[in-house]
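A.B. asks: Please see the structure below; I have some questions.
Since every read-out is calculated from the coordinates, none of them should be taken as a lab result. Remember, predicted model here, so these are calculated numbers, not experimental data. Note that each Cβ is placed from the backbone with ideal geometry, even for glycine, and that neighbours are counted across all protein chains shown.
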Amino acid sequence: MRPSPENDLPAIEAEAKRVAGSAKDLADSLVQALPRLREDLRAVRAEAETLRAALDKEKESREKTARQAPPARSSRNEAADEQAEAAGALLAAPFRVSAKAAAAARADPLAALAVQVAKALSVDATPVDRARLIAMAFAASQGDLQAFWAARRQRKAADKTIKKTSLRRS
């Protein structure tokens, strides 16, 4: 059974007064916060406009710089470029294997690799010299010294085999 609505009337009135009081407090809070929110919104809009203007200015500056011809090189820069080219030519010059380097190549893997590089990069290098360099470098990169020295020795055995057997028949 439901209680009669007349008994609920005081409870309903109390709830209505409480809600009305809360609504009034909420409205007062809103009246106080609204001007601050308007000022914050104006400040954010002004900052956004400033940033847009700066971005547009930066884009124009970059486009202007891109359209301009590159500046002429100074003679000092040209001299430095010529020196760099000359140094590069010296570094690209062929390496001559000395007797001392050849002797060191028998026991020192780094010296052996350097000697093989010199042989493989020489003008009269054969494809076998280049293949040997690749095999030695790969074995060294893997840390396999046995394969490294085997690749170096294989050259000598391959040369002897090639000299002994002729592929062409006269």
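A.B. asks: What is the residue count in the stretch 123-135 for residues that are closer than 10 Å to ALA151 by Cα and touching a Lys or Arg at 6+ places or on another chain (Cβ under 6 Å)? Let's see the steps before the verdict.
C.D. replies: Of all residues in the stretch 123-135, those closer than 10 Å to ALA151 by Cα come to 131-135.
Remaining after also requiring touching a Lys or Arg at 6+ places or on another chain (Cβ under 6 Å): 132.
Matching residues across the stretch 123-135 total 1.
A.B. asks: Considering the stretch 113-151 alone, what residues qualify as being within 20 Å of ARG96 (Cβ to Cβ), among the aliphatic types (A, V, I, L, M), assigned to a helix (DSSP H, G or I) and more than 33 Å from the chain's Cα centre (by Cα)? Explain how you work it out, then say what you get.
C.D. replies: To start, the set of residues in the stretch 113-151 that are within 20 Å of ARG96 (Cβ to Cβ) comprises 113-126, 129-130, 132-133, 136.
Subset that is among the aliphatic types (A, V, I, L, M): 113-115, 117-118, 120-121, 123, 125, 133, 136.
Checking which are assigned to a helix (DSSP H, G or I) leaves us with 113-115, 117-118, 120-121, 133, 136.
Once the filter is applied, which keeps residues that are within 20 Å of ARG96 (Cβ to Cβ), among the aliphatic types (A, V, I, L, M), assigned to a helix (DSSP H, G or I) and more than 33 Å from the chain's Cα centre (by Cα), the stretch 113-151 yields only VAL115.
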